[in-house]
1. Show log10 I(q)/I(0) for the chain at q = 0.11 Å⁻¹, two decimals, from a solvent-free Debye sum over equal Cα scatterers.
2. Would you mind calculating the relative contact order of the range 331-407 from Cα pairs under 8 angstrom and at least 6 residues apart, reporting the percent as a whole number?
3. Considering lysine pairs in the range 230-344 that are 8 or more places apart or on different chains, how many have Cα atoms under 29 Å apart?
4. Ser41 versus Ile281, label points 7 Å from Cα toward the beta carbon: distance in nm?
5. Just the number, please: carbon plus sulfur as a percent of the accessible area of the chain, 1.4 Å probe, no ligands or DNA/RNA counted.
6. Distance from a point 7 Å along Cα→Cβ of Arg154 to each backbone N in the range 171-213: keep the residues under 12 Å and list them by number.
7. Along the Cα→Cβ direction, 7 angstrom out, place labels at Arg327 and Glu137. What is the inter-label distance in nm?
8. Hey, if you put +1 on the Cβ of every Lys and Arg and -1 on every Asp and Glu Cβ in the chain, which of Tyr256, His45, Ala199 ends up farthest toward the positive end of that dipole?
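The values are calculated or read from the model by the stated rules, or taken from the named source; none is laboratory data. These numbers come from a predicted model, not from an experiment. Note: ideal-geometry Cβ built from the backbone for every residue, glycine included; neighbour counts use all protein chains shown. What goes into the accessible areas is simple: the full protein's heavy atoms, side chains included, and nothing from ligands, DNA or RNA. Shrake-Rupley method; radii C 1.70, N 1.55, O 1.52, S 1.80 Å.
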Amino acid sequence: MKILIIGTGYVGTTSGLVFCEMGHKVTGLDLDKVKLNSLQSGKLHFFEPGLDLLLQKHIKEKNISFTNDSEKAIKENDVIFICVGTPQEEDGSANLVYVKSVAQAIGKYMNRYKVIVNKSTVPVGTAKLVEKWIKNEQESDIQFDVISNPEFLREGSALQDALNPDRIIIGYPSERSLNIMKELYSESTCPLVTTNHEAAELIKYAANSFLAMKISYINEIARLCDTLNINVNDVANGIGLDHRIGGHFLKAGIGYGGSCFPKDVSELIFSAKKYNISFNIMESVRETNEFMPIYFLNKIISNLGTLKNKKLAILGLSFKPNTDDIRESPAFKIINRLIESDAIFKVHDPVVTGKMDSGLYQCKTIEETVQGTDAVLICTDWEVYKEMDWEKVKDSMNNPSYIFDGRNMLNPIKMREIGFVYFGIGNY
Ligand code: UGA
């Protein structure tokens with residue numbers, strides 16, 4: 001099938017390439033020429049392991065191409081995916097301005113029956129709005145169907161997630177459009193959940209919020225573990241083996257970040273309020289998450305005393321490993337507090353570079369970052385930090401040498417044997 005993907009961010013690009021793998025022909029449409037030129041030359045404009053190779057393969061085989069010509073792209077393709085961003089507004093709601101302008105362009109240039117698939121994360125009721133926005137722009141009464149097909153891939157493992165989804169959700173208005181979606185996903189072997197628009201839209205928010213809830217839950221348990229000298233990893237393992245609970249998303253730490261969980265939890269709370277439903281659980285999830293970086297800092301302060309003139313090494317800036325995305329990264333919440341406290345610190349990230357606007361000193365190597373510091377603060381669990389020679393790190397640091405492990409990625413017993421004063425988040 002011929003597919004148009006509007007919005008070439010990590011969801012649009014990954015989905016497009018996975019459709020190429022399934023044997024479809026894909027056009028990527030974006031207004032940003034810099035992004036388009038980069039993609040067309042086989043280079044991703046974001047960091048995502050493994051995706052660049054797939055991009056180069058499908059460009060070479062002419063399965064994917066990129067354009068900024070909306071009219072031509074909309075006219076030539078009959079299945080159109082909306083994959084644009086829905087950033088968070090001040091009040092917590094999702095901003096639909098990009099979705100609206102895409103819908104308007106589709107309405108304006110529509111020349112025959114089309115299926116418009118909403119992959120962007122959008123609040124309940126958006127499919128109906130998209131229908132309305134398209135209709136308002138149409139010059140003649142051409143039929144179309146809007147489908148809600150939320151995406152569940154994660155940054156950092158986008159390709160694997162998109163190639164092997166746990167399920168595909170399709171909110172559909174007509175058998176005609178459902179059959180097209182079934183044909184599109186005919187290569188997939190996972191369960192297909194077919195439902196109405198509203199349920200499909202809510203499934204996405206409910207899924208992300210549930211995962212965020214698991215993280216805040218284990219973080220609360222971790223704080224209890226800190227007080228009782230219990231290892232939170234043992235607790236997570238012990239409860240996660242119960243298949244009703246499951247072991248995923250039970251890693252305690254300085255909290256969740258990124259462009260999805262914080263935004264989607266806020267939108268769900270906002271929507272619930274709009275319908276006079278109090279969503280106390282999610283309010284608490286958000287509150288706990290906002291507190292975790294402060295909890296981490298309090299732990300540092302109570303062990304180091306004042307932070308003024310303390311020499312610190314920050315390891316990790318991205319909101320999670322294997323991505324260069326720093327949106328809502330807990331590392332920056334910590335850095336901002338350190339700046340206020342007059343601490344002296346150096347930062348390192350294996351992938352994030354040149355994104356700091358506060359004049360932070362970013363080191364090229366881990367060795368340079370830790371050299372002569374009193375404490376190492378781990379904010380992102382990059383594998384490279386786990387694998388480094390911690391004995392060498394100890395030798396290059398001041399004495400006593402502290403590790404504050406905000407991601408519980410190191411073995412506390414081993415670190416103490418090396419001579420570090422080690423603190424995790426409920427990690428003993
Ligand atoms: C999340 C969802 O997991 C995807 O299913 C969804 O498609 C995506 O949002 C989206 O809505 O687009 P993502 O934000 O890329 O994916 O990353 P996650 O792996 O979910 O991690 C989110 C945050 O939670 C990270 O800061 C991570 O460090 C933190 N986390 C995750 C924990 O603190 N503990 C855990 O056990 C797991």
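1. Cα-only, vacuum Debye calculation for the chain: -0.90.
2. On the way: 69 pairs, mean separation 23.1, N = 77.
Relative contact order for the range 331-407 comes out at 30 percent.
3. Step by step, the pairs that qualify in the range 230-344 add up to 24.
4. Reported label-point gap for Ser41 and Ile281 is 4.9 nm.
5. Values: 10080 of 19670 Å².
Within the chain, the accessible surface is 51 percent carbon and sulfur.
6. Only 211-212 fall inside the zone, counting backbone N under 12 Å.
7. Here the modelled spin labels are 2.2 nm apart.
8. The listed residue farthest towards the positive side: His45.
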